[in-house]
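J.: Mind having a look at this structure? Questions to follow.
None of the figures in this text is laboratory data; all of them are computed from the coordinates on show. Note that the structure is a prediction, hence the values are computed from the model and not measured. A quick note on method: Cβ atoms are made from the backbone with ideal geometry, for glycine too, and the neighbour counts reach across all protein chains shown.
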Amino acid sequence: MKAERRTIIVREIEHWRRSKLLPDHYCDFLLNLYADPVLAPKSEEEQPKHLVGKAIMAVSKATGKQWFYTIGLFTLISFIVLYFSVFHPALQISIILLGTFALLWFGEKIRKQHAPFGFLAIFLGHLLLLCGGLYLISQHQLSDWYWTFALIAVCSLFWIVYGMKSHLSMLHICGWLAFLLAYAMLLHELTSGQQWYEIQLYWIPLSILFFWISWFIHRWFKPSSAVLFVIGIATWFMPEIFQLVFIGEMGYLQLQLISKVIIGSLLLFVLRKQWMVWVI
């Protein structure tokens, strides 16, 4: 068969594929039958390599059923967003939890094949849990401090467990940071003594505890040991952060920070042969 006629037939078959005049497997069979073997590699090279091109090609090949499901899902999400504020509180909580677990399930499903998109879906799932809870607290005017404390504590526990189970160190760290925030709120509301030396006593033993646990578990759980070591360092400076954020006192704050940096740096240098084994 002449090359010109073969090219015309191939173009016609590709037009049938784009127009859905024939099923894809029929078009593949006809292309294999009429395509020029010399030009076949060129056809592969013409496939789009960038993300936008692949997305356009995927949309062009979508079936009517896929279009129906996509439009239906988009309509459902739009309806929920527009009328979320008038739903019953139980339904609002259910929607937030369902959306959170749907994003986490989707993220875990595509994480091995498409890691960036998987991590993004997981991040959005955990962010939805936190922001959705804060929105409900604000909408229903739950101004008492313990509502926000309970939300942060629940998110902290969930992030720690999920981060350890899924081997996501950053999420694990975020969980412990949320725990420190919840602990700071508890101290601010329930303690009366808030002098600088009392605040140090609230936090320094906790920092030492984190370092000790990091050392204790480093033989069995190396990633978690490194996370707890980082949290121990963060807790070391939490008294100054607590004074600045919750109390608003600046007295001796600069001196405390400089002293803590010097003492912490000396301890890290002197004990470097020990703690490097825990985290590396």
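J.: So how far, in whole Å, is the C-alpha centre of the stretch 106-127 from the one of the stretch 202-280?
T.: 31 Å
J.: While we're on this one: Mind sorting Cys131, Cys155 by how few other Cβ atoms lie within 10 Å of their own Cβ, fewest first?
T.: Values: Cys131 12, Cys155 21.
Going from least to most buried by this count: Cys131, Cys155.
J.: A further question follows. Going through the DSSP H helices of the chain, which span 27 Å or more along their own axis at the Cα atoms while scoring at least 1.0 as a mean Kyte-Doolittle hydropathy?
T.: Details: long enough: 64-83 (28 Å, 1.18); 89-110 (32 Å, 1.39); 115-139 (35 Å, 1.68); 145-165 (30 Å, 1.31); 169-190 (31 Å, 1.47); 196-217 (32 Å, 1.18).
What comes out of the filter, once short or polar helices are dropped, is 64-83, 89-110, 115-139, 145-165, 169-190, 196-217.
J.: Quick one: what Rg and Dmax do you get for the stretch 132-280 from the alpha carbons, in Å?
T.: Spelled out, the Cα radius of gyration and Dmax of the stretch 132-280 are 16.9, 53 Å.
J.: Sticking with this structure for a sec: Please find the FRET efficiency linking His140 to Leu76, where r is the Cβ-Cβ separation and R0 is fixed at 30 Å, and quote it to the nearest 0.05.
T.: 0.80
J.: Now for a separate question. Taking neighbour Cβ counts within 10 Å as the exposure measure, how do Thr63, Thr100 sort from fewest upward? Numbers along the way, then the final one.
T.: On the way: Thr63 10, Thr100 19.
The fewest-first ordering by Cβ neighbours comes to Thr63, Thr100.
J.: For every helix of n ≥ 4 consecutive DSSP H residues, a contribution of -39,500 (n - 2.57) applies; sum these over the chain, divide by its total residues, and give [θ] at 222 nm rounded to the nearest 500 deg cm²/dmol.
T.: Dividing the helical sum by the residues of the chain leaves -26000 deg cm²/dmol.
J.: How much length would be gained if the chain were fully extended between Leu244 and Leu33, taking 0.36 nm per residue of separation minus their Cα-Cα distance, in nm to one decimal?
T.: Working: separation 211, 0.36 × 211 = 75.96 nm, distance 7.53 nm.
The span from Leu244 to Leu33 would gain 68.4 nm if fully extended.
J.: Using R₀ = 30 Å, calculate the FRET efficiency as 1/(1 + (r/R₀)^6) where r is the Cβ-Cβ separation of Leu190 and Leu157; round to 0.05. Each step should come with its number before you reach the end.
T.: Values: r = 20 Å, r/R0 = 0.66.
With R0 = 30 Å, the Cβ-Cβ based efficiency is 0.95.
J.: Per residue, what volume in Å³ does the Cα convex hull of the stretch 120-204 take up?
T.: 99 Å³
J.: What's the ranking of 171-181, 73-83, 109-119 by average number of surrounding C-beta atoms within 10 Å, highest first?
T.: On the way: 171-181: 20.4, 73-83: 10.2, 109-119: 12.6.
The peptides rank, most packed first, as 171-181, 109-119, 73-83.
J.: So for the stretch 183-241, Kirkwood radius off the Cα pairs, Stokes-Einstein at 10 °C and 1.306 mPa s: how many µm² s⁻¹? Intermediate results must be reported in sequence, preceding the final value.
T.: Values: Rh = 12.2 Å.
Estimated diffusion coefficient is 131 µm²/s.
J.: So what are the three principal axis dimensions of the chain from its Cα atoms, in whole Å, longest to shortest?
T.: In descending order, the Cα extents are 92, 55, 33 Å.
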